[in-house]
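Asks: Following this message is one structure expressed as structure tokens.
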Amino acid sequence: MQNITSTYHAWRGDNDDGRPAKRLEPTPYEDIPGFCKSATTAEIAAQGHVLTPGRYVGAEEVEDDGEPFEEKMSRLVAELEGQFAESAKLEAAVRANLKGLGFDL
């Protein structure tokens, strides 16, 4: 929350405490991919005046982990399959406990 507040005040040119900058130097504002962008009216007009944030903010850069896509997807799918199996076991246990208490689902 503090990050959003300080970014907003930097964009406005306020001091860190939110007061308009008069005596102190305001915190400089800068666009941060995936977080904030100060779009110009020309940029907004070029997007057909659509104000969807993703059109302007974009996505933050993510470091490549070096794992090839096919290997990563195979690993993640196998992990998900294990989680589905565990979910089914837990669901069966909950249903059995409820049935033992006299509640059928």
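The values are calculated or read from the model by the stated rules, or taken from the named source; none is laboratory data. Quantities reported herein were computed from a predicted structural model and do not represent experimental measurements. Neighbour counts are summed over all protein chains in view; Cβ atoms, including those assigned to glycine, are modelled from backbone coordinates with ideal geometry.
Asks: Within the group 14, 65, 31, which residue is over 26 Å from residue 1 (Cα atoms) and at pLDDT below 95? Before the answer, list the steps.
Replies: Working: 14 fails: over 26 Å from residue 1 (Cα atoms); 31 fails: over 26 Å from residue 1 (Cα atoms).
None of the other options fit; the residue is 65.
Asks: Inside region 39-62, can you point out the residues that are surrounded by 11 or more Cβ atoms within 10 Å (Cβ to Cβ) and touching a residue at least 24 places away in the same chain (Cβ under 8 Å)? Step through it out loud before you land on a result.
Replies: Keep residues of region 39-62 that are surrounded by 11 or more Cβ atoms within 10 Å (Cβ to Cβ), which gives 39, 43-44, 46-47, 53, 55-58.
If the condition is that a residue be surrounded by 11 or more Cβ atoms within 10 Å (Cβ to Cβ) and touching a residue at least 24 places away in the same chain (Cβ under 8 Å), then 57, 58 are the ones that fit.
Asks: If you don't mind, there's one more thing I want to ask. Is it the case that region 92-105 has a residue that's part of a loop (DSSP other than H, G, I, E, B) and at pLDDT below 90? Please lay out each step first, then the result.
Replies: Initially, region 92-105 is screened for residues part of a loop (DSSP other than H, G, I, E, B), giving 101-105.
Filter again for at pLDDT below 90, leaving 104-105.
The answer is yes; a qualifying residue exists.
Asks: So, one more: Between a first residue in region 63-85 that is part of a helix (DSSP H, G or I) and a second residue that is loosely packed, with under 10 Cβ neighbours inside 10 Å and modelled with pLDDT under 95, which pairs have beta carbons less than 9 Å apart while being 6 or more apart in sequence or on different chains?
Replies: Here the result reads 72/65, each pair linking region 63-85 to a residue that is loosely packed, with under 10 Cβ neighbours inside 10 Å and modelled with pLDDT under 95.
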